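Handing you this structure, nothing more for now.
The values are calculated or read from the model by the stated rules, or taken from the named source; none is laboratory data. Given the structure is predicted, the values throughout are model-derived calculations rather than measurements. Ideal geometry is used to build each Cβ from the backbone, glycine not excepted, and the neighbour counts take in all protein chains shown. Just the protein is used for accessible areas: all its heavy atoms, side chains included, with ligands, DNA and RNA removed. Shrake-Rupley method; radii C 1.70, N 1.55, O 1.52, S 1.80 Å.
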Amino acid sequence: MIPDQRREALLSALRDSGVLSVKELCSLLKVSHMTVRRDISALESEGEVHSVPGGVRISRSIRIEPTYQDKSTAHLAAKRAMAAHAATMIRSGQTVFLDAGTTVGHVVQHLEGKKDLTLVTNDLTTAVRLSDISGLDVFQIGGHVDVRNRSTVGLFAAGMLGHFNFDLALMSTSSWDSASGVTTPSEAKVGVKQAAMSNSAMNVLVSGSEKYGLIGTFNVAPLDLFDQVITDSSMPSEELAQLSEAGVKIHVTET
């Protein structure tokens, strides 16, 4: 088989099994360990597969996000721990973007007492919660309302973000991994996220381990564009090692 045929056979086997060891693939494809490793590397760079210790698994695509209500009740302890750490990065006098999402939304409860803060968000629930804290200067980004996620998205929302200079952007995502970086199933979210990041001095991704290895249809940003990634303690040590080797500065919170 030529390489393209072999890699398609590898993908076909993974679609059936989900995860296979390198040894199993060598036997199935009748090729050497080195050849299988090269094929895995090539497919991983295309976002088709994801390496695991001793083998490889098919990348898990995400076509639609859960609703805000569904997300708001999931992994609560981990979300609160990640948000608490993210909040320590916010300093008085800063202009900060809080991306739409239930994890970043928990940052709000840690803002009492911080002085001279300007908070900008496209999350409708977060904006309401911010308005209950005295002393904050709050901007809600306008645009098309994504009802499922209670946020504003699209061209108008991205355009408004271009008027700000952020000291810090706390970014969320439904899907991320080492090869594809941050992705999303929603085209309307891409411009908003990219506008916030391009106008920020510091970008921090705040996302749980359950979203790692998921891949959305649209690319947002590679992980090397983030100054730090905050995730939870359920992230496998092998994955953490792989991220560290790739130069990603990652902080793991405990619950």
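Can you tell me the order of 233-246, 175-188, 143-156 when each peptide is scored by its average per-residue count of other Cβ atoms within 10 angstrom, highest first?
Ranked by mean Cβ neighbours within 10 Å, highest first: 175-188, 143-156, 233-246.
At a 1.4 Å probe, what is the % contribution of carbon and sulfur to the accessible area of the chain?
Ligands and nucleic acids excluded, carbon and sulfur give 52 percent.
Binned at 5 Å from 0, what are the whole-percent values of the Cα-Cα distance distribution for region 1-91, short to long?
Whole-percent P(r) values from 0 Å outward: 3, 12, 19, 16, 8, 9, 10, 9, 8, 4, 1, 0.
While we're looking at this one, here's another question. Tell me, how many Å apart are the Cα centres for region 6-63 and for region 64-101?
34
Which value, in Å³ per residue, describes the convex hull spanned by the Cα atoms of the chain?
121
Moving on to the next point. Using Cα positions and a limit of under 24 Å, work out the lysines in reach of LYS71, with same-chain residues fewer than 8 apart set aside.
Qualifying lysines at Cα under 24 Å: LYS79, LYS189, LYS193, LYS211.
With each run of n ≥ 4 DSSP H residues scored as -39500 (n - 2.57), what mean residue ellipticity at 222 nm is computed for the chain after dividing by its residue count and rounding to the nearest 500 deg cm²/dmol?
-10500 deg cm²/dmol
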